[in-house]
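Below is one structure, written out as structure tokens; comments come after it.
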Amino acid sequence: MKKIVIAGFGQPVIDLYHSFKNKFEVVGVILDYERRVKFPFFYDFLVSENLPIVSFETINNYKPDLVLVINYNKIIDVSNSKIPLLLNIHMGLLPVYRGNNANSLSILNGDRNVGYTLHEVNDILDGGKIYYTFSYLIKENETYFEAKKAINTDLVTQLPLILESVLDGT
């Protein structure tokens, strides 16, 4: 079973963890800010699943095949990285909408297509190789809430299959 470390925080990490349990061994979680561990719901999740908090400095001790980033609010320095594969789930449609709050920017620009992009992390912000994009067209009578539900559904149903394919090289 391939080993994964998830870098991130909150409900997105919890949801992905549960969708990965049968396909991957999640060996740890990297938090963007140490104070996040004080959030009871997230701390309780880490304890209940026996997930250690790791760091980019100690990550190689866990020998992950992949580090997956979601809901992580720091820029990751990859200049000296020895991580075999570092992928980011960017909440926005790359390459057009880079940076934070990309789906909000899309809507503010009058673009009704929102979604997420799975891409490799490199030294250019949101500039790595794109592996997968999920796009959702917000209909006239819908809000971003409906789009967010569709995005989350795709994340937990399709992403495990996509990652399995990426890790297998197919």
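So here's what we get for this one:
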{"item": "In region 73-104, residue most open to solvent (accessible area, probe 1.4 Å) [restricted to those that are outside any loop (DSSP other than H, G, I, E, B) and over 28 Å from residue 59 (Cβ atoms)]", "result": "104"}
{"item": "Of all residues making up region 12-44, the number that are open to solvent by 70 Å² or more (accessible area, probe 1.4 Å), part of a helix (DSSP H, G or I) and without any contact (Cβ under 8 Å) to a residue 60 or more places away in the chain", "result": "7"}
{"item": "Any hit, region 108-131, residues being out of contact with any helix residue (DSSP H, G or I) (no Cβ under 8 Å at 6 or more places or on another chain) and part of a helix (DSSP H, G or I)", "result": "yes"}
{"item": "Selection from region 143-166 of residues that are surrounded by 14 or more Cβ atoms within 10 Å (Cβ to Cβ) and either without any contact (Cβ under 8 Å) to a residue 60 or more places away in the chain or touching an Asp or Glu at 6+ places or on another chain (Cβ under 6 Å) (or both)", "result": "144, 147, 148, 150, 154, 156, 158, 162"}
{"item": "Residues within region 105-129 that are more than 19 Å from residue 153 (Cα to Cα) and open to solvent by less than 70 Å² (accessible area, probe 1.4 Å), tallied", "result": "9"}
{"item": "Residue in region 112-127 that is under 18 Å from residue 17 (Cβ atoms) and not charged (D, E, K, R) present", "result": "yes"}
{"item": "Hits in region 54-70 (condition: in contact with a Lys or Arg (Cβ under 9 Å, 6 or more places away or on another chain) and in a strand (DSSP E or B))", "result": "66"}
{"item": "Hits in region 31-83 - residues which are closer than 22 Å to residue 131 by Cα and among the hydrophobic types (A, V, I, L, M, F, W, C)", "result": "66, 67, 68, 69, 70, 75, 76, 78, 83"}
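The values are calculated or read from the model by the stated rules, or taken from the named source; none is laboratory data. Please read all numbers here as calculations on a predicted model, not as lab measurements. All Cβ positions, even for glycine, are placed from backbone atoms using ideal geometry, and neighbour counts span all protein chains on display. Remember, those area values only see protein heavy atoms, side chains included, never the ligands or the DNA or RNA. Shrake-Rupley method; radii C 1.70, N 1.55, O 1.52, S 1.80 Å.
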